1. Enumerate the pairs (first residue in the stretch 46-74 and farther than 29 Å from residue 141 by Cα and touching a residue at least 40 places away in the same chain (Cβ under 8 Å); second residue anywhere and part of a helix (DSSP H, G or I) and small (Gly, Ala, Ser)) with beta-carbon separation below 8 Å, excluding pairs fewer than 6 apart on the same chain, so at least 6 apart or on different chains.
2. Does residue 149 meet the test of being free of Cβ contacts under 8 Å to residues at least 12 places away in the same chain, within 21 Å of residue 46 (Cβ to Cβ) and either over 22 Å from the mean Cα position of the chain (by Cα) or open to solvent by less than 80 Å² (accessible area, probe 1.4 Å) (or both)?
3. Within the stretch 62-85, does at least one residue satisfy the condition of being surrounded by 10 or more Cβ atoms within 10 Å (Cβ to Cβ) and more than 25 Å from residue 121 (Cβ to Cβ)?
4. Scanning for something at pLDDT 70 or above and either exposed (fewer than 14 other Cβ atoms within 10 Å of the Cβ) or assigned to a helix (DSSP H, G or I) (or both), does the stretch 93-109 turn up at least one residue?
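The values are calculated or read from the model by the stated rules, or taken from the named source; none is laboratory data. These figures come from a predicted structure and were not determined experimentally. Note that each Cβ is placed from the backbone with ideal geometry, even for glycine, and that neighbours are counted across all protein chains shown. Just so you know, the surface numbers come from the protein's heavy atoms only, side chains and all, with ligands and any DNA or RNA stripped out. Shrake-Rupley method; radii C 1.70, N 1.55, O 1.52, S 1.80 Å.
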Amino acid sequence: MNQKVEQLNEDAEAREMELRLEFEQMLQASRDKLMLYLVALVSNVADAEDLCQRISLVMWQKFSDYDRSRSFLSWACGIARFEAYNFRRARVADRMLWRNDLPELLASTLENLDQAPSHQRLSALRNCVQALPEREQSFVWQIYWEGRSFDSIAQSLGCSVRTFYNRMYLLRRRLSHCVARRSKAE
């Protein structure tokens with residue numbers, strides 16, 4: 001009897017190790033694309049890194065429910081969207097920015113990243129950003145790499161947050177269309 005119980009425990013441990021290895025491999029293969037998606041959702045690389053760690057734990061807890069007939073990245077993005085929503089809701093002080101769909105616009109362009117090679121989309125994005133006027137490139141840099149808030153940039157420009165928000169909304173739409181065009185052309 002003890003041997004059977006011991007064998008069952010060993011089998012359960014082996015299965016747990018197999019699941020952990022499978023999860024880690026899938027996560028590692030999708031991590032870059034997931035990070036792009038998170039940056040689009042939270043508009044800050046440092047916050048996206050923190051959120052990625054949190055999401056990894058949530059995904060591991062839910063991995064037994066993962067339907068392997070679906071794309072792992074799509075499944076991960078679904079979890080990421082929900083977690084990023086909660087993260088932004090907790091972080092955003094200015095309700096005007098929260099009510100609008102600005103982060104969703106850029107995120108929606110990244111949802112199908114597993115449909116096209118990531119290097120093509122990244123190359124297209126890099127080319128599109130480089131084609132922007134220097135001032136707009138500066139805005140992208142300040143928001144996504146320096147983590148500056150819309151409020152601080154708007155204040156330094158001497159315009160309202162709403163005006164700067166609208167400007168970035170249009171810029172992100174242009175970038176989204178540019179990436180789509182360049183990705184199709186490649």
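1. Close Cβ pairs satisfying both conditions: 72/29; 72/30.
2. yes
3. For the stretch 62-85, residues surrounded by 10 or more Cβ atoms within 10 Å (Cβ to Cβ) and more than 25 Å from residue 121 (Cβ to Cβ): present.
4. no
Let's see how each residue does on (1) surrounded by 14 or more Cβ atoms within 10 Å (Cβ to Cβ); (2) farther than 19 Å from residue 46 by Cβ; (3) modelled with pLDDT of 85 or more:
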| residue | (1), (2), (3) |
| --- | --- |
| 119 | no, yes, no |
| 126 | no, yes, no |
| 153 | yes, no, yes |
| 157 | no, yes, yes |
| 179 | yes, yes, no |
